[in-house]
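S.K.: One structure, pasted below without further comment.
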Amino acid sequence: NIVLTQSPASLAVILGQKATISCTASESVNKFGINLMHWYQQKPGQLPKILIYNEFSRAPGIPARFSGDEAELNFTLTIEPVEADDVATYYCQQGLTFPLTFGSGTKLEIK
Amino acid sequence: QVQLKESGPGLVQPSQTLSLTCTVAGFSLTSYNVHWVRQPPGKGLEWMGVIWNTGGTRYNSALKSRLSISKDTSKSQVFLKMNSLQTEDTATYYCARAATYGYFDYWGQGVMVTVSS
């Protein structure tokens, strides 16, 4: 199974500053040159919502404040500038092999 | 408008079988794959299994012996059955539509299932 190690577990950021969440995959999630790494936002009491798919592509309606990047199996979700509405738990997910797996989640709070 | 909605019992007794239904709208089950994902209270997301648009299935090996997913395309419904439930199966169960690259573009609201006597 592909293990996704997500860090930090929680993160407190000042409004307007940058939040960086990391997700390290235990092996490649690349298929035909596309990294099948996806990011979700789950606000308290709500269902998950796709933010970023295929490493860096924003889902429809997702603002440019959210961006994805990758460096040698280490995937990053960046939120800049952070807004109050971004308080949520963020999960990475790989779509390459079964079982599909998720990271353990990062809880973002406003400092 | 794409919609998914889970339904089923909120309480199941230990050792019993869980039966959930996911009713979809706005797309055809012959064109999209539908997955089940669950989330224990206060914990992360666990992929359970998928039913392909073709009708084939794939399960999480951790659940494989207990889990069955099927569908009725004419009724736009996907079914989950899981037997031998234990307290650790207490979770919110989601059905979700999968897009091309294995991400979930639409989710149901989820149904909370408590396993307790």
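S.K.: Do you know which of the residues in region B:93-104 that are surrounded by fewer than 21 Cβ atoms within 10 Å (Cβ to Cβ) and over 15 Å from the mean Cα position of the chain (by Cα) is nearest to the other protein chains (Cβ to nearest Cβ)?
M.R.: Result: B:101.
S.K.: For residues in region A:76-93 being touching a residue at least 60 places away in the same chain (Cβ under 8 Å) and either within 10 Å of chain B (Cβ to nearest Cβ) or touching a Pro at 6+ places or on another chain (Cβ under 6 Å) (or both), which is farthest from residue A:54 (Cα to Cα)?
M.R.: So the residue we want is A:91.
S.K.: Considering only strands (runs of 3 or more DSSP E) fully contained in region B:1-66, which possess at least 2 residues that are under 22 Å from residue A:95 (Cβ atoms) and of a type outside the set (Asp, Glu)?
M.R.: Because the criterion is at least 2 residues that are under 22 Å from residue A:95 (Cβ atoms) and of a type outside the set (Asp, Glu), the strands (runs of 3 or more DSSP E) in region B:1-66 that meet it are B:18-25, B:33-39, B:46-51, B:57-59.
S.K.: Next question. For region A:1-27, how many residues meet the condition of being away from chain B (no Cβ under 14 Å), exposed (fewer than 14 other Cβ atoms within 10 Å of the Cβ) and under 25 Å from residue B:99 (Cβ atoms)?
M.R.: The qualifying residues number 2.
S.K.: Turning to a different aspect of this structure: Determine whether residue A:23 is hydrophobic (A, V, I, L, M, F, W, C) and within 27 Å of residue B:57 (Cα to Cα). Let's see the steps before the verdict.
M.R.: Working: hydrophobic (A, V, I, L, M, F, W, C): yes; within 27 Å of residue B:57 (Cα to Cα): no.
So residue A:23 fails the test.
S.K.: Could you check chain A for strands (runs of 3 or more DSSP E) lying wholly inside it with 2 or more residues that are farther than 28 Å from residue B:112 by Cβ?
M.R.: Output list reads A:4-7, A:10-13, A:19-25, A:66-71, A:74-79.
S.K.: Only one of A:96, A:36, A:73 is at the interface with another protein chain (Cβ under 8 Å from one of its Cβ atoms), out of contact with any Gly (no Cβ under 6 Å at 6 or more places or on another chain) and either touching a residue at least 40 places away in the same chain (Cβ under 8 Å) or not aliphatic (A, V, I, L, M) (or both). Can you tell me which?
M.R.: A:96
S.K.: Return the total of residues in region A:45-67 being crowded, with 19+ Cβ neighbours inside 10 Å and either farther than 24 Å from residue A:33 by Cα or more than 12 Å from every other protein chain (Cβ to nearest Cβ) (or both).
M.R.: Count: 3.
Taken together, the values in this text are just the output of simple stated rules run on the coordinates, not laboratory data. Quick caveat: nothing in here was measured; it's all calculated off a predicted structure. As a convention, Cβ positions derive from the backbone with ideal geometry for all residues, glycine included, and neighbour counts pool all protein chains shown.
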